[in-house]
Amino acid sequence: MIASLLVFTISGFAQNDKKATAILDEVTAKTKLYKTIKIEFTYAMDNAKEKIHDKFKGTLLSKGEKYKLTAAGQDVISDGKTMWTYLKEAKEVQINNAGEDDESFTPTKLLSGYNKDYKSKFIAEKGNDQIIELYPLKKGKTFTKVQLTIDKNKKQISKFVIYDRSGSTFSYIVDKFVADQSIADNVFSFNKAEHPGVEINDMR
């Protein structure tokens with residue numbers, strides 16, 4: 001669920017709001033310059049009607065198309081070709097081909113990729129925060145909009161909130177953003193030898 005939600009941040013926006021487009025283009029251009037990215041974030045899921053509130057911390061490491069997402073007792077790891085989902089409590093790892101569908105999570109989609117799947121709208125500027133909303137153009141999406149908060153000086157996303165059709169909101173707050181830190185390539189693959197007793201479920 002974490003991976004499927006994160007993809008919605010900037011997987012695409014339609015260039016129909018000039019101010020919103022200009023801001024997102026700046027974020028895109030700056031993000032593409034980074035060789036590696038480390039993000040520590042806080043996730044919250046709220047549904048007032050169902051009286052649900054869930055919250056946890058997570059970390060994302062990214063290097064080109066390679067990434068490792070750690071949150072809620074699982075690691076989602078990809079070297080750009082293969083994706084491993086390691087469920088720690090269940091002692092199970094699921095293996096899939098990376099990028100098998102359009103909804104798959106990649107840091108490129110998360111932080112810098114875009115197409116014309118969304119209508120963008122500039123909402124407000126509050127101090128150093130610029131607020132933009134994205135509305136899906138394609139039917140069948142499980143959410144109605146995504147609200148982005150962008151740090152105007154850093155040209156970075158500091159928060160995004162997904163508004164689900166069920167009435168839930170999914171919030172991600174960037175607690176720490178570190179760029180161009182040295183990250184070894186072996187971080188972006190699952191080493192079976194280091195996890196004895198883990199069940200391997202190869203779904204390729």
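For this structure, a couple of remarks:
- Using θ = phi - 60° and Karplus 6.51 cos²θ - 1.76 cosθ + 1.60, couplings along the stretch 163-175 (whole Hz; Gly, Pro as x): 9, 7, 5, 7, x, 8, 10, 10, 10, 10, 10, 7, 7
- Counted by Cβ distance under 9 Å from Phe122, the other residues give a net charge of 0, where Lys and Arg count +1 and Asp and Glu count -1.
- With 18 Å as the limit on Cα-Cα distance, the pairs of Lys68/Lys138; Lys32/Lys155; Lys63/Lys145; Lys18/Lys119; Lys55/Lys141; Lys51/Lys141 that go past it are Lys68/Lys138; Lys63/Lys145; Lys55/Lys141; Lys51/Lys141.
- Separation in nanometres of the label points that stand 7 Å from Cα toward Cβ, at Leu87 and Lys32: 3.8 nm
- Converting phi to 3J(HN,Hα) with the Karplus coefficients 6.51, -1.76 and 1.60 and the offset θ = phi - 60°, the stretch 178-184 yields 10, 10, 6, 7, 5, 10, 5 Hz in sequence order, with x at every glycine or proline.
- Burial order of peptide ranges 186-192, 18-24 (average beta-carbon count within 10 Å, highest first): 18-24, 186-192
- Computed from label points 7 Å out along Cα-Cβ, the spacing between Lys19 and Ser166 is 3.5 nm.
- Lys152-Asp185 pseudo-label distance in nm [points 7 Å out on the Cα-to-Cβ vector]: 4.3 nm
- Environment charge at Leu87 (Cβ cut-off 12 Å; Lys +1, Arg +1, Asp -1, Glu -1): -2
- Long-range HN-HN contacts of Thr36 with modeled amide H, under 5 Å: Asp180, Gln181
- Amide H within-cut-off set for Leu137, under 5 Å, with H built and near neighbours excluded: Tyr118, Lys119
- Here's how it looks for Asp17: its modeled amide H is under 5 Å from those of Ser120, which are all 5 or more places away or on a different chain.
Bear in mind that the values in this text are calculations on the coordinates, not laboratory data. Bear in mind that the values here come from a model prediction, so they are computed numbers and not experimental data. With ideal geometry, Cβ positions are generated from the backbone for all residues, glycine too; neighbour counts draw on all protein chains shown.
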